[in-house]
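Everything on this sheet refers to the single structure shown next.
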Amino acid sequence: MFRRAENFCRSFLQLRRRQRTEMLGLIPISSPDSLKKVLQTLSGKWGDVVEDLESLQVKPMKGAMTNEVYMVEWPTKDNNLRHRKLLVRVYGEGVGDLLFNRKDEIRMFEVVSRYGHGPKLLGRFAGGRIEEFINARTLSAADLRNTEVSAFTASKLREFHSINIPGDRNVLLWDRMRNWLRQAKSLCTPEDSAEFGLDNIEAEINLLEHELHNECKQQKIGFCHNDLQYGNIMIDDDTNAITIIDYEYASYNPVAYDIANHFCEMAANYHSETPHILDYTLYPGEEERRRFIHNYLSSSGKEPKEEEIKQLLEYTEKYTLASHLLWGLWGIISGYVNKIEFDYAEYSRQRFKQFWLQKHKLLSSFSS
């Protein structure tokens, strides 16, 4: 059964009302009054929806790992069977302070929307925001292996990489990794720090940055999503239009890193009974990776040269190491500050394990 709007707003407050600690520096608590105020503003702006907020129908959306997301259906005055839909996103506690800058994310959200990507921002409230609801479905883990869907995604990703965000175009990857390492060290118990080998990670970051800078000299920098898992990709099954959503981690980075991270996400199924378990037998083989990169490069309308495909394929494989390190650190931090039910520690163990397994194979300094 759907919950009424008053209970919905109150549940937001209850969900977010956890005791704040100075160490975690949690984001402001969501208030039902601020949410109601935004909804009332939208009611006046739209004009065709009923004014009684208790008539709203609310459904939790599954699969989010950072925020809590709800679909809201709002009946219209002329026909109770017709609804306007919107999406309410409640920010995860503490995450916006430790893992990314919430103000930067909102700014990027608005810029990306102006470029015609993703949903429109409808309003903000304490601890969250309201977005346009996109009439499309979120991809499943299996969809990533569908050759047509993969081709559409590759083409859309290249378009996304060309977005021009005002400000500097500096690569954020390495600074973010070092910042997350500092955060992880500050949160971890001595036992956890020793288990994950955090005292050794900075040297690995330095080595990786040095190696990739020297080996990937012709790499292209673009506006990257940085979290292109299947839950952040939507498709309209009627038009095959792809929409990339959720830009918490978006920044300028090597495009090879963004593609590498997407490939790594093919090992995950966040809707399974064990969403934290990664199956690296599902990591795409060379033929599948080559096909994605060919589709990515050819989406410009020009057939890529074999040398271009081979080079990006090689760069992408090396950047999987950066993906493993970064999301391993993310899991450690999230395990301490995020209340969503997910075994973040085990997720981190698997990402770090893959880093160590692949390091000697992918870096020239360690090749035989």
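The values are calculated or read from the model by the stated rules, or taken from the named source; none is laboratory data. Everything numeric here is computed off the predicted structure, so don't read it as measured data. Using ideal geometry, Cβ is built from the backbone for each residue, glycine included, and neighbour counts are taken over all protein chains shown.
Can you give me the number of residues within the range 179-195 that are touching a helix residue (DSSP H, G or I) at 6+ places or on another chain (Cβ under 6 Å) and of a type outside the set (D, E, K, R)?
Summing the residues that are touching a helix residue (DSSP H, G or I) at 6+ places or on another chain (Cβ under 6 Å) and of a type outside the set (D, E, K, R) in the range 179-195 gives 5.
Taken together, the criteria place Ser162 among residues that are in the same structural domain as Trp327 (by TED's automatic domain parsing), in contact with a Gly (Cβ under 7 Å, 6 or more places away or on another chain) and farther than 21 Å from Ser43 by Cβ. Exactly one residue out of Glu265, Glu303, Glu314 is closer than 17 Å to Asn226 by Cα, in contact with a helix residue (DSSP H, G or I) (Cβ under 9 Å, 6 or more places away or on another chain) and acidic (Asp, Glu): that is Glu265. Scanning the range 161-214 for residues that are among the β-branched types (Val, Ile, Thr) and free of Cβ contacts under 8 Å to residues at least 24 places away in the same chain yields one hit, Thr189. Of the residues making up the range 240-263, those that are buried (at least 19 other Cβ atoms within 10 Å of the Cβ), hydrophobic (A, V, I, L, M, F, W, C) and over 13 Å from the mean Cα position of the chain (by Cα) are Ile242, Val255, Ala256, Ile259, Ala260, Phe263. Given the condition at pLDDT 95 or above and in a helix (DSSP H, G or I), answer yes or no: does some residue in the range 233-247 qualify? The answer is no; no qualifying residue exists.
Considering Glu148, Glu204, Glu211, the condition of being in the same structural domain as Gly285 (by TED's automatic domain parsing), among the acidic types (Asp, Glu), surrounded by 17 or more Cβ atoms within 10 Å (Cβ to Cβ) and at pLDDT 95 or above is satisfied by Glu204 alone.
Would you be able to say whether some residue in the range 322-344 is in a helix (DSSP H, G or I), touching a Leu at 6+ places or on another chain (Cβ under 7 Å) and within 14 Å of Ile259 (Cβ to Cβ)? The answer is yes; a qualifying residue exists. Every listed requirement among (1) within 23 Å of Phe100 (Cα to Cα); (2) touching a Lys or Arg at 6+ places or on another chain (Cβ under 9 Å) is met by Tyr247 save one, (2). Screening Glu132 with (1) acidic (Asp, Glu); (2) surrounded by 13 or more Cβ atoms within 10 Å (Cβ to Cβ); (3) out of contact with any strand residue (DSSP E or B) (no Cβ under 9 Å at 6 or more places or on another chain) gives one miss only, at (3).
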